[in-house]
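These notes concern the structure reproduced below.
Bear in mind these aren't lab numbers, they're just calculated from the coordinates by the rules spelled out. All figures in this text were calculated on a predicted structure; none of them were measured in a lab.
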Amino acid sequence: MMQWNDLRSMNMEELTQVLLARGEKKFRARQIYGWLHKKLISRPEEMRNIPAACLDKLCEDHPLYGVTELKRYVSKIDGTMKFLFALHDGNIIESVLMKYKHGNSVCISSQAGCRMGCRFCASTLLGLSRNLYPSEMLDQIYQIQRMTGERVSHVVVMGTGEPFDNYDALSRMLDLLCDPEGLNISRRNITVSTCGIVPRIYQFADRHPQVTLAISLHAPDDASRRDLMPIANRYSLAELMKAANYYVNKTRRRITFEYSLVKDKNDGREEALKLVKLVEGLNCHINLIPVNPIQERDFKQSEDRSVRHFVKVLEDNHIQVTVRREMGRDIQAACGQLRKGYAERSEAVCDPTA
């Protein structure tokens, strides 16, 4: 049974079956699929070699969902672009284009909002509106490539939302994105980030062994992690690290741990040594992230000196570590900041008491 009914979320086999059931020729499926996933069209009428009667009937039952650009912000610091996109039902999401020497990387959202409740993240402040369809995840990439005229070579599923909370749609999106009949992006150029939904880590390792996994760790012990991340109340660090070891052993690939540095909370020498012990012997990389302050929380970014000392402890213990280069700071490129601001401004305009 088909899980998603919209046109761009269907794979080639499903699209073919739909068209054959309508009395269309089999080759129409390949034509339509190419328009959707190679030529990256936004409207059905752009499929110039498909009869209008075929398209009209097809789109009655299988709408063409995607994203529509609302606003675009360009960083004066590094050229990073942040996009606010509208979905067909009025929900708002955000995506980021980052340009590197190795190619263009797009960070996409997997949900409209988030219910994970991580205390340092703006994405969760408005709660979860809904999951995105595979098509809506894909079209963030497609629209950015179409608008810039430059190929997207790398994708990071690290925007608004918890990807593993929308696991089935995420898996379908990855299959479509890497399809040779579509953009054919290498799975090794894709990173998916999770706050640590343990059962999904096992599934992901089995289902997508070539895709890079990043786990949001942010604390080296259970008590500290529970203070920052509600998911830690459900899965202990012991359970999480067991799943991380499974991923590494199953895929033979290095795993990334993301660690947001919060001043006076998790950025001291003691925490660094605990982190060393936690990941000891595991093929991993630590990505240190100076936390982006948000006005609803009292978290402050670690001082440069603290960051350097934290890095030194890890390096002295032969742990691979980098400090994430901040991009788009002047355009609020951190997850959820622009979406939240846009929603609040829209509410203020509609509120006669505002």
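Quick notes on this structure:
- Computed on the range 89-136, with alpha-carbon pairs under 8 angstrom and 6+ residues apart, the relative contact order is 29 percent.
- Partners for Lys82 among lysines (Cα-Cα distance below 17 Å; same-chain residues under 8 apart left out): Lys71, Lys99, Lys340
- Only helices enter the 222 nm calculation for the chain: every DSSP H run of n ≥ 4 contributes -39,500 (n - 2.57), and dividing by all residues gives -11000 deg cm²/dmol, rounded to 500.
- Computed from Cα positions, the angle between helix 237-251 and the longest principal axis of the chain comes to roughly 60 degrees.
- Within the same chain, lysines fewer than 8 places from Lys57 are excluded, and of the rest, those with a Cα less than 22 Å from its Cα are Lys25, Lys26, Lys39.
- Geometric extent, Cα atoms of the range 102-184 - Rg, Dmax (angstrom): 13.3, 41
- On Cα atoms only, tilt of 12-21 relative to the major axis of the chain in degrees: 30
- For the chain, the convex hull spanned by the alpha carbon atoms encloses 152 Å³ per residue.
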